[in-house]
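Readers should treat all values here as calculations from the given coordinates under stated rules, not as data from a laboratory. Source: prediction; values computed, not measured. A quick note on method: Cβ atoms are made from the backbone with ideal geometry, for glycine too, and the neighbour counts reach across all protein chains shown.
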Amino acid sequence: MKRILISTILFALSLPSFGQSNFYKLSIGAGAGVTQSFTDVRKHDFGLAGYGTLDYLFTPYISLGLEFQKGEINGGNVHTDPYNRQFINSYQAISVNGKISLGQFIDFNYTGISSRLKGLYLGSGVGVVQNKMKGIVRNNPNDPSIYYPGQNASKDIYFPVNLGINFFFPDRDGFYRYVLNINYQGNVTLGEGLDGYDDSSVRHKSGNPDIYAFYSIGVKYNFGKIGLYKKRFKPF
């Protein structure tokens, strides 16, 4: 009888258990990083940009929110490009993004590797980017692109895809209030305004959309109403 009782207890302890934790439902964040262009211009150059976010947390690992970006997207080289193309896009962008983290699915404990990976997330959304050419070279008569001199501003719809990780830090009450965020964002645009060169009518054009990447690091501050989350954790 004693053996059966001990075996039952050990088996029960080895199973994932359910617990509850409190979390803040709102999060505000800011950060900065580097953009990289992937457009009709051959050289994919880098620029600097910053961002701000405001998110609503359905659970500690599922969120929906707004993101604002402002900075530069650069590309080309007037000396090496076959059409002497070079541009500097002083852009602004706003998007709605949903994200879901690994912690929503895995069983984890507080000290193991699973605890460090619970902040790994994937997300996507939709937004609008406002392009403004701070500098652009359009002086090659052999350039087949379509452009309208003097009209250097445009707007495009874009679709961001996010891959990143959050590192959580508790406050004095043990709640996860502070977050360090590292993020990669790939942005696919619908339009030709990102680099200022419209090759849509060129024969044999590849048809690839204009894309820019945004590599960033930032911080977040969680606050607001407290929510209750049921989680699974491993005792060992």
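Centroid-to-centroid, using Cα positions, region 123-156 and region 77-106 are 14 Å apart. In whole percents, the pair-distance distribution calculated for region 78-189 from its alpha-carbon pairs, binned every 5 Å from zero, is 2, 9, 13, 14, 13, 11, 9, 8, 7, 6, 5, 3, 1, 0.
What order do you get for 69-76, 58-65, 27-34 when each peptide is scored by the mean count of other beta carbon atoms within 10 Å, highest first?
69-76, 58-65, 27-34
When each of the peptides 37-48, 161-172 is scored by how many other beta carbons lie within 10 Å of its residues on average, the order from highest to lowest is 37-48, 161-172. The aspartates and glutamates whose alpha-carbon is closer than 17 Å to the alpha-carbon of residue 220, local same-chain residues fewer than 8 away aside, are 55, 67, 171. For the residue pairs 132/225; 43/134; 25/155; 25/70; 43/132; 155/225, the C-alpha atoms sit more than 29 angstrom apart in 132/225; 25/155; 155/225. Shown in residue order for region 138-144 are the 3J(HN,Hα) couplings computed by the Karplus curve 6.51 cos²θ - 1.76 cosθ + 1.60 at θ = phi - 60°: 9, 10, 9, x, 8, 5, x Hz (x for Gly and Pro).
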